[in-house]
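A quick write-up on the structure given underneath.
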Amino acid sequence: MGSSMMGARIRRREDPQLLRGEANFVDDLKLPGLLHAAILRSPHGHAAIKAIDLSATRAAPGVVDAFCLADIWPENPPAIPVLVGVESMLQCPQYPLAGQRARYVGEPVAIVVANSRAEAEDALELARVEYTVLPAVVDAQAALHPDAPCLHDSAPGNICARWTQATGDAAGAIAAADIVITERFKMQRYTAVPLETRGILATPDAVSGELTIWVSGQWPHTARGITAAMLGLEERRVRVIQPDVGGGFGVKAEIYPEDVLIPLAATRLGRPVKWIEDRREHLLGIAHSREMTFDMELGLRRDGSILGLRVTIISDHGAYLRTLAMVNPSLAATGLTGPYDIPNYSAEVICALTNKSVCSPYRGAGAPEATFARERLLDVAARQIGMDPAAFRLKNLIPPEAMPYATGLTSVEATVVLDSGNFPAALRQALLLVDYDGFRARQAQARSEGRMPGLGICMYTQLAAVGPHESAEVRVDGQGNVTVVSGAAPGGQGTATSLAQVVADQLDVPMEKVRVSFADTARIPFGTGTYASRNAVMAGSAAMMAAKRVRAKAAQMAAHLFECSPDDIEWQDGDARIVGMPGKSCSLANLAQAARPGGSRPEGMEPGLEIRHYFETHAVPFSYAAHLAEVEVDPATGGVKVNRYIVVNDCGKMINPMLVEGQVVGGIAQGLGGALFEELAYDSDGDLLTTDLFSYRLPGTLDMPNVEISHLISPSDLNPLGVKGVGEGGAIGSHGAIANAVEDAIAHTGARVHQTPLRPSVVWALLNAG
Ligand code: SMO
């Protein structure tokens, strides 16, 4: 197209509003008569609830309502449904409020609604709950012990799911191997911590009978369906709107108890009710993630070729299974082979229940964990056979001529077929950029001076965008303005900018003419939402196809006006004209006016220059990257400084490389936080120790290296844009790169890295263990 906005580094149209503080987050919405909710939460990791007395709470100043589970549902309360499960999964549902048992600290037990949040919180203090404290189990391995306290009668032994994911014959390959490497790696529990916590505002309309919900979420259409079903409402009378969202990262896609409680309270009271999660509640109750242990056996030939990999994954699920229950373990089990040719593979997945907050997807959803474990294992293996870790990887990466490469694995989201790419080329380019050989010389020199630099390599593949569909409506009005309504529901990643680019490009109009709106169930009947790095691929393709069809319709309209064949229509600067007749042209605005209802159109043409398109697919593109981290460990303190970070990224074609790079850098910041600092730590009673941002250490700008990014472009054949998702990638490659770099820095002392986070105290202990 003439305007060629595809691939342009265009600044985000979202930013001026955000920078000026003019964006509208849930908490910015003010409605007359607004009430505020506060949630009473279990102070115990595991306790039987004997009685709840809310009489003093209800009598407190400003209080208009207070209820517990039995007040609303004396029996058969609705459970939060599991949308992504596996066959072996047992029922361990969470209800909107704890009934007879509380299973994690922070679990909602009752709700108070008052004229102000302060009054609601004060009234909570007057609630009397009689608990009998039960023994808690907070460690997944301990939970699997026969004597461990059992969380759910429905899940004996605290195993809520257990299955095997396999291709080829891993046991046979390992038995036949020259060398077998056996290791255990563990990633800690941590989470996304978006700048904006969760929040929800619900308001009923007595006249229309409609319930409107504003929520800081990721998938309004799904949230509408679940809320309506759990509350017994007609779906058509529930409208879910997602205003500006300050980061979702997966954790806001989960359906939480508050997502049901607030609409329920609003419906009971006939008034708007709002709840904004505070930071303590956030750390207690937001989806936790990443906590997995990998017991791995790798079988090698003496020449360094990988014959087989056998793994047991223990996934710590926390106390319940909610909507996205099996995403993380499934994506970990099907992501472990990554970009490598590992024909014989078997993973046993054991999902353990513990008295901790519920685990769910967070940026990468199982892939960061699996990538960390695999890339650590590969470094261990290379060291053991005396091979350079880069050469070892190059030997085992899937060669470009083997693409597309079917792994033989199928996750809960899609079949794992690596669609396109050149993995060895990405690694070679990264090694060149870091001056790999030069680094080894510099490292030897630095070591002789008592310093400890290290370089780590990590390769990953990412299941990048899932279907089954996304929607877009493109409309041109009589002024030539273009409106795009998308089923996507972004959380700050610049989707409005990229969709505007796609549509402006197709229609050959200036970007300013294109307005993008989304995340409102009343504006478009079907929408999927934001997760799995899917917006550019799914929402982008839907918008592109809708715009393409609008343009085709406009050409037919022009042919009708000019009394020629649509084949004789060409476009110049957004105007239609007859081929070879420069004098005769018609603007998009005029074509939209001509196409209005009541006008003259070609026979059979629907009125209006507007198209709704559903892009439907079950095939999934895979993006990938090589990450290289150069660190320096301080031998005195164990502190790790990441000095250089190189990414060779391939996400197919790019709509806007600046947005892609922003996503990569942001993902690396979250991965670096997990690799080095962040942890949701519990004590043995199930008390969360990290309930504020002093004890939960987030990475800051001073922790971040300057990330050097270059791109390979292997277009995807699976969508008309040729793009692949990239939003999660930065967070997938960083733990492995940084952990491998840390071990590379300290390996000469005999120290080995088996888990994250690599806080100074941890690294210091590794250095001083001997
Ligand atoms: S962790 Mo995600 O929103 O697939």
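Data table
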item: Over segment 468-616, volume per residue of the alpha carbon convex hull, in Å³; result: 109 Å³
item: Calculated SAXS-style log₁₀ I(q)/I(0) at q = 0.06, 0.07, 0.10 Å⁻¹ - the chain, Debye, Cα scatterers; result: -0.39, -0.53, -1.03
item: Quarter of the Cα convex hull surface for segment 377-503, i.e. its orientation-mean projected area (nm²); result: 13.4 nm²
item: Modelled FRET efficiency - R0 25 Å, Ala425 with Asp303, Cβ distances, 0.05 increments; result: 0.65
item: All aspartates and glutamates inside 14 Å of Lys584 as judged from Cα atoms, apart from same-chain residues fewer than 8 positions distant; result: Glu563, Asp568, Glu570, Asp573, Asp575
item: Value of relative contact order over the chain, rounded to a whole percent, pairs C-alpha under 8 Å and six or more apart; result: 16 percent
item: Separation of the Ala171 and Ala406 label points, Cα + 7 Å toward Cβ, nm; result: 2.5 nm
item: Where GluC sites (Glu not before Pro) fall in DSSP loop in segment 559-612, at most 14 other Cβ within 10 Å; result: Glu563, Glu603
item: Label point at Ala142 placed 7 Å out along Cα→Cβ; residues across segment 83-109 whose backbone nitrogen lies under 15 Å; result: 104-105
item: Residue-span extension gain [His748 to Gln572] - 0.36 nm each, minus C-alpha spacing; result: 56.8 nm
item: Rel. contact order, % - alpha carbon contacts under 8 angstrom, at least six apart, segment 468-616; result: 33 percent
item: Sites Ser587 and Glu22 - FRET efficiency at Förster radius 22 Å, r taken between beta-carbons, to 0.05; result: 0.10
item: Segment Ser600-Asp153, extension gain: residue separation times 0.36 nm, minus the distance between their alpha carbons; result: 154.0 nm
item: Estimated FRET transfer efficiency when R0 is 30 angstrom, pair Ser684-Ala636 (beta carbons, to 0.05); result: 0.40
item: Nitroxide proxy distance, nm - points 7 Å out along Cα→Cβ at Ala51 and Asp178; result: 7.4 nm
item: Theoretical gain in end-to-end length, Ser761 to Phe526 [0.36 nm per residue, Cα-Cα removed]; result: 79.6 nm
item: Two-site label geometry, Leu29 and Ala118: point separation in nm, points 7 Å out along Cα→Cβ; result: 2.5 nm
item: Tail fraction, Cα-Cα pairs, segment 293-447, threshold 22 Å, whole percent; result: 48 percent
item: Restraint check, Lys252/Lys653; Lys356/Lys653; Lys274/Lys653; Lys513/Lys724; Lys553/Lys724, Cα-Cα greater than 30 Å; result: Lys356/Lys653; Lys274/Lys653
item: Spatial separation of Cα centroids for segment 683-703 and segment 613-660, in angstrom; result: 25 Å
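Here, each number is a calculation from the coordinates, and none is a lab measurement. The structure presented is a predicted model; accordingly, all values stated were derived computationally and were not measured. No Cβ is skipped: glycine too gets one built from the backbone with ideal geometry, and neighbour counts run over all protein chains shown.
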